[in-house]
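The values are calculated or read from the model by the stated rules, or taken from the named source; none is laboratory data. Source: prediction; values computed, not measured. All Cβ positions, glycine included, derive from the backbone under ideal geometry; neighbour counts span all protein chains shown. For accessibility, only protein heavy atoms count, side chains too; no ligands or nucleic acids. Shrake-Rupley method; radii C 1.70, N 1.55, O 1.52, S 1.80 Å.
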Amino acid sequence: MLGRLNHVALAVPDLAAAIATYRNTLSAEVSEPQALPEHGVTVVFVNVGNTKIELLEPLGQGSPITAFLEKNPSGGMHHLCYEVDDILAARDALKAAGARVLGDGNPRIGAHGKPVLFLHPKDLFGTLTELEQS
Ligand code: CO
(Lines give C-alpha, C1' and ligand atoms only; values in the text may rest on other atoms or scores of the structure.)
Protein backbone atom coordinates (compact mmCIF):
# COMPACT_ATOMS: atom_id res chain seq x y z
CA MET A 1 0.00 0.00 0.00
CA LEU A 2 2.61 2.57 1.04
CA GLY A 3 4.54 4.41 -1.61
CA ARG A 4 7.15 7.14 -1.30
CA LEU A 5 7.53 9.40 1.69
CA ASN A 6 6.06 12.53 0.10
CA HIS A 7 6.96 14.89 2.95
CA VAL A 8 7.66 15.37 6.62
CA ALA A 9 5.72 18.32 8.05
CA LEU A 10 6.93 20.69 10.75
CA ALA A 11 4.55 23.09 12.47
CA VAL A 12 6.29 26.44 12.98
CA PRO A 13 5.22 29.51 14.93
CA ASP A 14 6.64 31.99 12.38
CA LEU A 15 6.68 30.84 8.77
CA ALA A 16 8.72 33.81 7.51
CA ALA A 17 11.44 33.08 10.07
CA ALA A 18 11.42 29.38 9.19
CA ILE A 19 11.68 30.17 5.46
CA ALA A 20 14.62 32.47 6.17
CA THR A 21 16.39 29.77 8.17
CA TYR A 22 15.90 27.12 5.49
CA ARG A 23 16.87 29.50 2.64
CA ASN A 24 19.71 31.41 4.23
CA THR A 25 21.21 29.12 6.86
CA LEU A 26 20.50 25.73 5.30
CA SER A 27 20.78 27.00 1.67
CA ALA A 28 17.65 25.05 0.77
CA GLU A 29 15.22 25.53 -2.09
CA VAL A 30 11.91 26.74 -0.58
CA SER A 31 8.62 27.21 -2.47
CA GLU A 32 6.47 30.34 -2.24
CA PRO A 33 3.92 30.32 0.62
CA GLN A 34 0.55 28.82 -0.24
CA ALA A 35 -2.53 29.65 1.86
CA LEU A 36 -4.88 26.68 2.34
CA PRO A 37 -7.83 28.21 4.19
CA GLU A 38 -9.86 24.99 4.03
CA HIS A 39 -7.03 23.26 5.94
CA GLY A 40 -6.36 26.23 8.27
CA VAL A 41 -2.68 26.50 7.36
CA THR A 42 -0.19 28.35 5.18
CA VAL A 43 2.46 26.01 3.77
CA VAL A 44 5.78 26.02 1.97
CA PHE A 45 7.74 23.03 0.75
CA VAL A 46 11.49 22.64 1.13
CA ASN A 47 12.96 20.44 -1.59
CA VAL A 48 15.56 18.10 -0.11
CA GLY A 49 15.97 15.83 -3.09
CA ASN A 50 14.68 12.49 -1.84
CA THR A 51 11.60 14.03 -0.16
CA LYS A 52 10.22 17.39 0.95
CA ILE A 53 9.84 19.18 4.25
CA GLU A 54 6.49 20.93 4.65
CA LEU A 55 6.53 23.95 6.93
CA LEU A 56 3.09 24.79 8.36
CA GLU A 57 1.89 27.97 10.01
CA PRO A 58 -1.64 28.44 11.40
CA LEU A 59 -4.08 30.34 9.18
CA GLY A 60 -7.29 31.78 10.58
CA GLN A 61 -9.33 30.87 13.63
CA GLY A 62 -9.48 27.25 14.77
CA SER A 63 -6.44 26.10 12.82
CA PRO A 64 -5.79 22.39 13.42
CA ILE A 65 -2.17 23.19 14.35
CA THR A 66 -2.89 25.87 16.96
CA ALA A 67 -3.13 23.40 19.84
CA PHE A 68 0.02 21.62 18.66
CA LEU A 69 1.97 24.91 18.71
CA GLU A 70 0.62 25.72 22.17
CA LYS A 71 2.19 22.45 23.37
CA ASN A 72 5.30 22.93 21.21
CA PRO A 73 5.88 26.69 21.14
CA SER A 74 9.14 26.52 19.19
CA GLY A 75 7.55 24.20 16.60
CA GLY A 76 7.91 20.49 16.01
CA MET A 77 7.34 17.51 13.78
CA HIS A 78 3.63 17.45 13.00
CA HIS A 79 2.99 14.64 10.49
CA LEU A 80 4.39 12.30 7.86
CA CYS A 81 2.84 12.00 4.40
CA TYR A 82 3.02 8.79 2.38
CA GLU A 83 1.91 8.40 -1.21
CA VAL A 84 -0.61 5.68 -2.03
CA ASP A 85 -1.81 4.45 -5.44
CA ASP A 86 -5.46 4.31 -4.46
CA ILE A 87 -6.45 6.51 -1.54
CA LEU A 88 -9.98 5.09 -1.20
CA ALA A 89 -8.72 1.50 -1.13
CA ALA A 90 -6.04 2.50 1.40
CA ARG A 91 -8.64 4.25 3.57
CA ASP A 92 -10.98 1.30 3.50
CA ALA A 93 -8.20 -1.17 4.38
CA LEU A 94 -7.05 1.02 7.29
CA LYS A 95 -10.60 1.51 8.57
CA ALA A 96 -11.18 -2.24 8.40
CA ALA A 97 -8.04 -2.65 10.53
CA GLY A 98 -9.42 -0.22 13.11
CA ALA A 99 -7.57 2.97 12.20
CA ARG A 100 -9.51 6.21 12.56
CA VAL A 101 -9.68 8.58 9.61
CA LEU A 102 -9.93 12.22 10.71
CA GLY A 103 -12.72 14.55 9.59
CA ASP A 104 -15.66 13.11 7.70
CA GLY A 105 -13.55 10.25 6.37
CA ASN A 106 -13.49 11.54 2.82
CA PRO A 107 -10.31 12.74 1.09
CA ARG A 108 -9.87 16.48 0.61
CA ILE A 109 -7.68 18.27 -1.88
CA GLY A 110 -4.26 18.94 -0.34
CA ALA A 111 -1.38 21.29 -1.05
CA HIS A 112 -0.35 19.44 -4.22
CA GLY A 113 -3.86 19.49 -5.73
CA LYS A 114 -4.30 15.78 -5.00
CA PRO A 115 -6.68 13.99 -2.61
CA VAL A 116 -5.34 13.58 0.94
CA LEU A 117 -6.60 12.25 4.24
CA PHE A 118 -5.25 12.05 7.76
CA LEU A 119 -5.12 9.10 10.16
CA HIS A 120 -5.38 9.44 13.93
CA PRO A 121 -1.94 9.50 15.59
CA LYS A 122 -3.04 7.11 18.35
CA ASP A 123 -3.57 4.40 15.74
CA LEU A 124 -0.13 4.90 14.17
CA PHE A 125 2.35 4.97 17.04
CA GLY A 126 1.80 8.56 18.07
CA THR A 127 2.36 9.95 14.58
CA LEU A 128 -0.26 11.89 12.66
CA THR A 129 -0.13 10.31 9.20
CA GLU A 130 -1.29 11.84 5.93
CA LEU A 131 -1.96 9.76 2.82
CA GLU A 132 -1.77 11.42 -0.58
CA GLN A 133 -3.01 9.96 -3.84
CA SER A 134 0.08 9.49 -6.01
CO1 CO B 1 1.21 17.37 4.77
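Data table
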| item | result |
| --- | --- |
| Share antiparallel - DSSP beta bridges, the chain, percent rounded to 5 | 70 percent |
| Surface share of carbon and sulfur [accessible, 1.4 angstrom probe, percent] for the stretch 2-133 | 55 percent |
| Extreme residue, positive dipole direction of the stretch 2-133, given options LEU69, LEU59, VAL44 (C-beta unit charges) | LEU69 |
| Helix-only [θ]222 nm of the chain, DSSP H runs n ≥ 4, -39500 (n - 2.57) each, per residue, nearest 500 | -4000 deg cm²/dmol |
| Separation in nanometres of the label points that stand 7 Å from Cα toward Cβ, at ALA16 and SER134 | 3.9 nm |
| Accessible area (Å², per residue) of the stretch 1-132, counting only protein heavy atoms and a probe of 1.4 Å | 54 Å² |
| Point-charge dipole on Cβ atoms (K/R +1, D/E -1) for the chain, about Cα centre, debye to 20 | 220 debye |
| Virtual spin-label span in nm between HIS120 and MET77, 7 Å along Cα→Cβ | 2.2 nm |
| Rounded tilt (10° steps) of 87-96 against the dominant C-alpha axis of the chain | 60 degrees |
| Calculated SAXS-style log₁₀ I(q)/I(0) at q = 0.12, 0.16, 0.21, 0.28 Å⁻¹ - the stretch 47-120, Debye, Cα scatterers | -0.42, -0.74, -1.14, -1.35 |
| Projected label distance in nm at THR127 and ALA99, using a 7 Å step from Cα toward the beta-carbon | 1.1 nm |
| Alpha carbon Rg of the chain, scaled by the compact-globule rule 2.2 N^0.38 Å | 1.04 |
